[in-house]
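One structure is given here, and the rest of the page talks about it.
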């Protein structure tokens, strides 16, 4: 479900012209997602002031799917929202228990991540970042926010970095890197379809990969020069990665802290 929203946002973020029809269609779907499953292709075309053929082309660009499949994506997203958000229970005592459980799990997750972090591994990653001509940070959906966070942090320390949100731009960036550059990939599962595609491209081009993941058996981990593991803990009652993102962020911040210290020691 993250990919459904992320891909719609990609159509919007990748264009500076919001009058483009792909942007108009994406924005309409985002604003009226609950209506999409009951709309015909003619209904959507009329609402967006375009033709059914244009809607069909949009679906192909979206993920090479049919309009019927796009409606199914929207339906699954709506079902996810209803299962994730329960407003009826928001004022009950159960929510206090949920918060207590969350912070306990978060504390345990961070403690496990701390134990998994090896000083030598972190120092090797820091050296790789320092020696690279350019560091490209990659991640999708919530992991993209970590990648962008990393880019801002390391650019402040004078390291030339990149982090793109659009899938196509990420692939183009991977295509432009050289063996003297470095790819750092944030992915808790390490084996989504896009991450697998990205890793294959980077591997074919001989680009060294640093994997920050919760899955040591993943495709990403198998192709990485160095793997930094985080706790495998998740809150199975929620589909949003509210534990995973903090664990991954704690590793990013650890690398940043050591990197800044490393720079001071060599100046």
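List of remarks:
- Check on residue 265, over 18 Å from residue 144 (Cα atoms), free of Cβ contacts under 8 Å to residues at least 60 places away in the same chain and not in a loop (DSSP other than H, G, I, E, B): yes
- Any hit, the stretch 56-63, residues being buried (at least 16 other Cβ atoms within 10 Å of the Cβ), modelled with pLDDT of 90 or more and under 23 Å from residue 80 (Cβ atoms): yes
- Scanning the stretch 10-29 for residues that are in a helix (DSSP H, G or I) and more than 19 Å from residue 60 (Cβ to Cβ) turns up just one, 13.
- Residue in the stretch 18-33 that is under 27 Å from residue 142 (Cβ atoms) and within 20 Å of the chain's Cα centre (by Cα) present: yes
- The residues of the stretch 112-135 that are farther than 17 Å from residue 250 by Cβ and either assigned to a loop (DSSP other than H, G, I, E, B) or without any contact (Cβ under 8 Å) to a residue 60 or more places away in the chain (or both), listed by number, are 120, 131, 132, 133, 134, 135.
- Residue selected from the stretch 115-138 under the condition in contact with a helix residue (DSSP H, G or I) (Cβ under 8 Å, 6 or more places away or on another chain) and more than 21 Å from residue 178 (Cβ to Cβ), by the criterion surrounded by the fewest Cβ atoms within 10 Å (Cβ to Cβ): 123
- Test: residue in the stretch 139-148 that is in contact with a helix residue (DSSP H, G or I) (Cβ under 9 Å, 6 or more places away or on another chain) and surrounded by fewer than 14 Cβ atoms within 10 Å (Cβ to Cβ): no
- Residues within the stretch 41-67 that are in a loop (DSSP other than H, G, I, E, B) and in contact (Cβ under 8 Å) with a residue 40 or more places away in the chain, tallied: 0
- Taking the stretch 31-40 as the range and being part of a helix (DSSP H, G or I) and surrounded by 15 or more Cβ atoms within 10 Å (Cβ to Cβ) as the test, the residues that pass are 36, 37.
- Hey, residue 168 touching a residue at least 24 places away in the same chain (Cβ under 8 Å), under 20 Å from residue 225 (Cα atoms) and not in a loop (DSSP other than H, G, I, E, B) or not: no
The values are calculated or read from the model by the stated rules, or taken from the named source; none is laboratory data. This structure is a prediction, so every number in the text was calculated from the model and none was measured. Neighbour counts run over all protein chains shown; Cβ positions are idealised from the backbone, glycine included.
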